[in-house]
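Some notes on the structure that comes next.
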Amino acid sequence: MPSKFNLVGKVNKIKTDDAPEEELEEEREAKKKNKDAKKKMFIFMGGIVGVLCLILLILFISSLFIKKTYSYEQIEEIIKNASISYFKDHPDLLPQMDGGIVEIEVNNLVSAEKMKPLSEYTKEGLSCTGRTLVEKAGDEYFYTPYLDCGETFATTELYKKVEEKVVNSGYGLYKINDDYVFRGENVDNYVELDQGLWRIVKITSSNKIMLIKELGVGNSLAWDNRYNNDTKYPSGINTYSASRVKEYIEKLYTNPEEKLNEIMLSANDKAKIVSFNLCVGKRGINDKDNTGSIECSSQFNNQKVGLLTASEYINASIDASCQSLADLSCQNYNYLKEKYSWWLLTADKNNTSKVYRVNESGKVELSNAIAFAYVRPVVYLNNKVLYKSGNGTKEKPYKLK
């Protein structure tokens with residue numbers, strides 16, 4: 001019996017010794033398979049990297065032989081920057097008088113090595129010419145690049161695009177004397193600047209574009225609140241050049257850092273603005289001359305920002321019975337009407353403390369200067385400002401380059 005037990009014990013021992021050997025073999029096999037899989041994955045990834053490198057190399061080599069083309073707007077910017085660089089080297093060639101203009105052709109910029117020939121920027125077979133007009137405006141110079149590629153593309157000033165809307169009836173842009181004036185209730189005269197929407201009031205005979213802010217800016221305030229000797233009361237004095245409203249809109253224009261609730265114009269916007277003469281002549285509420293001669297009988301010169309005159313508000317209505325500020329019909333068919341009161345530039349000629357404002361229904365009121373209303377600033381765009389896109393609707397306003 002003991003020998004039998006010994007034999008069984010011996011057999012059990014042999015089986016116990018063989019089990020780890022089989023497990024080791026399986027482990028070695030698994031490691032080998034894992035190693036082979038990693039090797040295959042490495043080779044696969046290396047192949048992908050190799051293919052990508054080959055594609056990039058082919059693209060690089062191809063780029064050496066394929067000419068890069070630019071958008072028309074990019075080419076205009078190239079011409080402009082080349083012109084700025086050129087006149088930086090030749091400042092004596094810049095216009096010296098305010099309003100003076102000089103022109104430089106692209107060929108001259110190419111000769112001066114400020115840019116490549118236009119054929120290097122355009123598609124094969126497209127023939128273009130280019131130039132830059134440089135205008136002196138105060139202490140600044142206004143650079144306007146022009147690109148002409150025939151029927152394919154031509155740089156267009158904004159005023160030319162807007163003048164395509166001229167009408168003889170209904171709502172739209174009317175030719176009145178030497179100006180083009182928007183009239184009617186629903187007119188497509190929206191312009192988008194960096195700081196919001198404005199509306200075109202008119203295009204002057206010199207092709208400058210008059211804009212008015214769509215909405216009032218800043219706070220509701222008095223036109224003026226000084227002591228008036230005639231009324232023996234601080235009812236305000238209706239002389240614009242010394243008024244509080246003038247001080248306020250000038251601060252809006254020059255000092256946005258003073259936190260006047262809104263930045264009226266960005267630096268980019270201001271680069272497109274030109275100085276103009278404000279017509280500050282006073283008129284009676286029943287005066288019917290709306291040519292602007294009453295208001296322009298007195299002018300406040302070289303201003304960057306102002307307010308709308310009485311005749312400009314009247315001319316925006318196409319109601320035939322709107323002839324004077326006393327006519328209630330001036331609020332009819334008039335896109336300038338808003339749901340709040342806002343100041344006009346014009347004051348009453350018969351009283352030193354009365355000025356005109358448009359109320360929330362669009363009626364023009366003769367008001368004490370000390371009363372409160374919002375301001376809707378008016379500015380003028382340079383006639384060289386270029387059209388970028390849009391059709392003048394509120395959804396697609398005109399955009400500038």
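General remarks:
- Taking a Cβ cut-off of under 14 Å around residue 275, the surrounding Lys, Arg, Asp and Glu residues balance to a net charge of 0, with basic ones at +1 and acidic ones at -1.
- Shown here are the Rg and Dmax of the Cα trace of the stretch 261-322, at 14.7, 42 Å.
- If the chain linking residue 29 and residue 268 were pulled fully straight, counting 0.36 nm for each residue of separation and taking away their Cα-Cα distance, it would gain 78.8 nm.
- Cα convex hull, the chain: 310 Å³ per residue, rounded to a whole number.
- Mean residue ellipticity (222 nm) of the chain, computed from DSSP H runs ≥ 4 via -39,500 (n - 2.57), nearest 500: -9500 deg cm²/dmol
- Between residue 250 and residue 84, the C-beta separation translates, for a Förster distance of 22 Å, into a calculated FRET efficiency of about 0.15.
- The magnitude of the dipole of the stretch 46-195, with charges of +1 and -1 set on the Cβ of Lys/Arg and Asp/Glu and taken from the Cα centre, is near 640 debye.
- Annotation: for a label point projected 7 angstrom from Cα along Cα→Cβ of residue 74, residues of the stretch 111-136 with backbone N closer than 16 Å are 116-124.
- Summary value for the stretch 95-175: 23 percent relative contact order, contacts being C-alpha pairs under 8 angstrom separated by 6+ residues.
- Pair residue 195, residue 328: separation of 7 Å Cα→Cβ label points (nm): 3.8 nm
- Rg/Rh ratio calculated on Cα atoms of the stretch 72-155 (Kirkwood radius): 0.99
- Under the Karplus curve 6.51 cos²θ - 1.76 cosθ + 1.60, θ = phi - 60°, whole-Hz ³J(HN,Hα) for the stretch 301-311, x wherever Gly or Pro sits: 7, 6, 9, 9, 8, x, 10, 7, 7, 4, 5
- Reciprocal mean inverse distance between Cα atoms of the stretch 248-401 - Kirkwood radius, Å: 16.9 Å
- Cross-link partners of residue 40 among lysines (Cα-Cα below 18 Å; sequence separation of 8 or more within a chain): 31, 32
- Placing a pseudo-label 7 Å from each Cα along the Cα-to-Cβ vector at residue 156 and residue 242 gives an inter-label distance of 4.9 nm.
- Sequence-separation-based contact order of the stretch 169-381, relative, with Cα cut under 8 Å and 6+ spacing, percent: 26 percent
- Distance between the 7 Å Cα→Cβ label points at residue 299 and residue 44: 8.1 nm.
- Note that the stretch 95-112 has calculated 3J(HN,Hα) couplings of x, 9, 8, 4, x, x, 10, 10, 10, 10, 7, 4, 4, 5, 5, 5, 4, 7 Hz, one per residue in order, obtained from phi through the Karplus relation 6.51 cos²θ - 1.76 cosθ + 1.60 (θ = phi - 60°); glycine and proline are x.
- In the chain, a dipole from Cβ-located charges (positive for Lys and Arg, negative for Asp and Glu) runs towards its positive end, and of 203, 314, 377 it is 377 whose Cα lies farthest in that direction.
- Each other residue within a Cβ distance under 14 Å of residue 95 adds +1 if Lys or Arg and -1 if Asp or Glu, for a net charge of -4.
- Debye, to nearest 20: dipole size of the chain, +1 on Lys, Arg Cβ, -1 on Asp, Glu Cβ: 840 debye
- Residue 185/residue 219 FRET efficiency (R0 41 Å; Cβ-Cβ; nearest 0.05): 0.90
- Gap separating the Cα centres of the stretch 346-401 and the stretch 265-321, nearest whole Å: 9 Å
No lab work stands behind these numbers, since they all come straight from the coordinates. Because the structure is predicted, anything quoted here is derived from the model rather than measured. When we count neighbours, we look across all protein chains shown, and the Cβ atoms used for this are built from the backbone with ideal geometry, even at glycine.
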